[in-house]
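Written below as structure tokens is the structure these notes are about.
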Amino acid sequence: MKTIDLGGRSPAQLQGLLSQLVVPRPIAMISTTGPAGVNVAPFSYFMPVCGLPPTVAVTIGTVREATPEPKDTWVNLEATGEFVINLTTTAMADHIETVAREYPAGVDEAELVGWTTRPSEVVAAPSVAESPAHMECRVLESIDRGDPTSCFSGVHIVLAEVVNIRVSEELLAEGSETRIDPTRVAAVGRMGFPYFVAATGDAVFEQERVAYADLVDSAG
């Protein structure tokens, strides 16, 4: 085993280590609307938090990498408090890095790559039609951490309530109107730069979960 000395490393190097080891990460393709119009961008520092209220967390950098301006997604969240997490699938994989670019404010990334936006049911932010699942969200709170002037340190940790979910019938488990079949999702996960992983085929496997009490009963 090799011990990696974290001292003296730059914020970019430290974040790189985390991004290479905390893998694979689901990709939230976030769509927002705000003062400059519609924005679509991928965020892989993203996770579910709890079921009641249904809550998710997304980490958004305080500034762009190339300029000291705030990210468009954050500007829109501050203005509206709403966004949509569109499930990122293999059908969308070719354009993940394209929409991740730091375009000038006002550029509609969805239009740029040929994706279609459509009205959401509860929030003002649009959904991406090419995604088979949409989680409409409202911001609950934001927690700031790190150096706000550094793109590899400063972050807004956004906690948001999922107020509405829409899914394609193709993702539903057979005979169910609410349960998702994981083998049908074809989600894309983020690995260390520049790699991704597709949760399809042999990459998806299952294991039975046996409660400890059941294990003890069967042994006795």
Exactly one of Glu208, Glu169, Glu174 is closer than 22 Å to Pro26 by Cα and surrounded by fewer than 10 Cβ atoms within 10 Å (Cβ to Cβ), and that residue is Glu169
Looking at region 103-114, is at least one residue at pLDDT below 95 and among the small types (Gly, Ala, Ser)? yes
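Which ones in region 1-44 are open to solvent by 70 Å² or more (accessible area, probe 1.4 Å), among the hydrophobic types (A, V, I, L, M, F, W, C) and assigned to a helix (DSSP H, G or I)?
Answer for region 1-44, where residues must be open to solvent by 70 Å² or more (accessible area, probe 1.4 Å), among the hydrophobic types (A, V, I, L, M, F, W, C) and assigned to a helix (DSSP H, G or I): Leu18, Leu21.
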With over 22 Å from Val63 (Cβ atoms) and basic (Lys, Arg) as the only criterion, which of Arg184, Arg145 stands out? Arg184
So, in region 193-205, how many residues would count as being over 18 Å from Phe43 (Cα atoms) and either free of Cβ contacts under 8 Å to residues at least 60 places away in the same chain or open to solvent by 100 Å² or more (accessible area, probe 1.4 Å) (or both)? 5
Hey, does region 177-185 have a residue that's on the phi > 0 side of the Ramachandran plot, within 21 Å of the chain's Cα centre (by Cα) and surrounded by 12 or more Cβ atoms within 10 Å (Cβ to Cβ)? no
When region 77-91 is checked residue by residue, the ones that are of a type in the set (A, V, I, L, M, F, W, C) and surrounded by fewer than 23 Cβ atoms within 10 Å (Cβ to Cβ) are Ala79, Ala91
Among Arg138, Arg118, Arg101, which is the only one that is out of contact with any Asp or Glu (no Cβ under 9 Å at 6 or more places or on another chain) and open to solvent by 70 Å² or more (accessible area, probe 1.4 Å)? Arg118
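Let's see how each residue does on (1) over 16 Å from Arg64 (Cα atoms); (2) at pLDDT 95 or above; (3) in contact with a helix residue (DSSP H, G or I) (Cβ under 6 Å, 6 or more places away or on another chain):
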{"site": "Gly8", "(1), (2), (3)": "yes, no, no"}
{"site": "Pro11", "(1), (2), (3)": "no, no, no"}
{"site": "Leu21", "(1), (2), (3)": "yes, yes, no"}
{"site": "Pro24", "(1), (2), (3)": "yes, yes, no"}
{"site": "Ile27", "(1), (2), (3)": "yes, yes, no"}
{"site": "Ser31", "(1), (2), (3)": "yes, yes, no"}
{"site": "Gly37", "(1), (2), (3)": "yes, no, no"}
{"site": "Ala41", "(1), (2), (3)": "no, yes, yes"}
Select from region 1-47 the residues that are closer than 27 Å to Pro126 by Cα and either in contact with a Leu (Cβ under 6 Å, 6 or more places away or on another chain) or polar (S, T, N, Q) (or both) and list them in ascending order. Ser31, Thr32, Thr33, Asn39, Ser44
Is it the case, given these coordinates, that Arg190 is surrounded by 11 or more Cβ atoms within 10 Å (Cβ to Cβ) and either within 25 Å of Asp72 (Cα to Cα) or β-branched (Val, Ile, Thr) (or both)? yes
Considering only region 45-68, state which residues are of a type in the set (A, V, I, L, M) and either without any contact (Cβ under 8 Å) to a residue 24 or more places away in the chain or surrounded by 12 or more Cβ atoms within 10 Å (Cβ to Cβ) (or both). Met47, Val49, Leu52, Val56, Ala57, Val58, Ile60, Val63
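Does region 122-130 contain any residue that is in a loop (DSSP other than H, G, I, E, B), more than 25 Å from Ala93 (Cβ to Cβ) and modelled with pLDDT under 95? Give the derivation first.
Applying the first criterion (in a loop (DSSP other than H, G, I, E, B)) to region 122-130 yields 122-126, 129-130.
Within this subset, residues satisfying the condition of being more than 25 Å from Ala93 (Cβ to Cβ) are 122-124.
Filter once more, so that each one left must be modelled with pLDDT under 95: none.
No; the residues of region 122-130 include none that is in a loop (DSSP other than H, G, I, E, B), more than 25 Å from Ala93 (Cβ to Cβ) and modelled with pLDDT under 95.
The values are calculated or read from the model by the stated rules, or taken from the named source; none is laboratory data. For clarity, every value in this text was computed on a predicted model and none was experimentally measured. Neighbour counts are summed over all protein chains in view; Cβ atoms, including those assigned to glycine, are modelled from backbone coordinates with ideal geometry. Ligands, DNA and RNA are stripped out before the accessible areas are found, and what is left, the full protein with its side chains, is counted by its heavy atoms. Shrake-Rupley method; radii C 1.70, N 1.55, O 1.52, S 1.80 Å.
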